[in-house]
Ligand SMILES: [Ca+2]
Ligand SMILES: [Ca+2]
Ligand SMILES: [Ca+2]
């Protein structure tokens, strides 16, 4: 709370001004420091600040925060920041936290937030049971997608070669795959 009192005294045509002012002091944010979070996980930061002047009200807010982040001032010098990074937000982010008092003085901290990339497994489309006549060729179309858009390598392995047959993988191709337009690899099994 800031008070400013001005006293003017007129003495023989001279003006004397006497200033009696209670100095406003800035609020202080408690240190936050760098933070780390995985893609798909949740980061919560409790933000607190105090003001040395009795009666001063502190307002808290945040700037620059990325998509999927929110900040709420709970009043009383306490606030909460929540960040739920999705799987496209790996990398560095910065958020500026600000505490401002009734008189307009402020304290800020620019916080580095690192989102760690998380690799998710590719997904094979289901393959129904197959059958083939002796002497014929079985051709199975195999497709897979990766939710991160990673390059997919498709492999075929024969686990139980049947007696009197010679089953082998004769062709295997790997294609770049995206979740939007999956492409296929064809594996031919010849008996
Ligand atoms: Ca103050
Ligand atoms: Ca990612
Ligand atoms: Ca992946």
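None of the figures in this text is laboratory data; all of them are computed from the coordinates on show. Owing to the predicted nature of the structure, the values given are computational and were not obtained by experimental measurement. As a convention, Cβ positions derive from the backbone with ideal geometry for all residues, glycine included, and neighbour counts pool all protein chains shown.
For the range 25-116, the C-alpha radius of gyration divided by 2.2 N^0.38 Å, with N the number of residues, is 1.13. A Förster radius of 30 Å, combined with the Cβ-Cβ distance separating residue 50 from residue 82, puts the computed FRET efficiency at roughly 0.85.
Distance between the 7 Å Cα→Cβ label points at residue 68 and residue 94: 2.2 nm. Full extension of the segment from residue 57 to residue 126, taken as 0.36 nm per residue of separation minus the current Cα-Cα distance, would add 18.8 nm.
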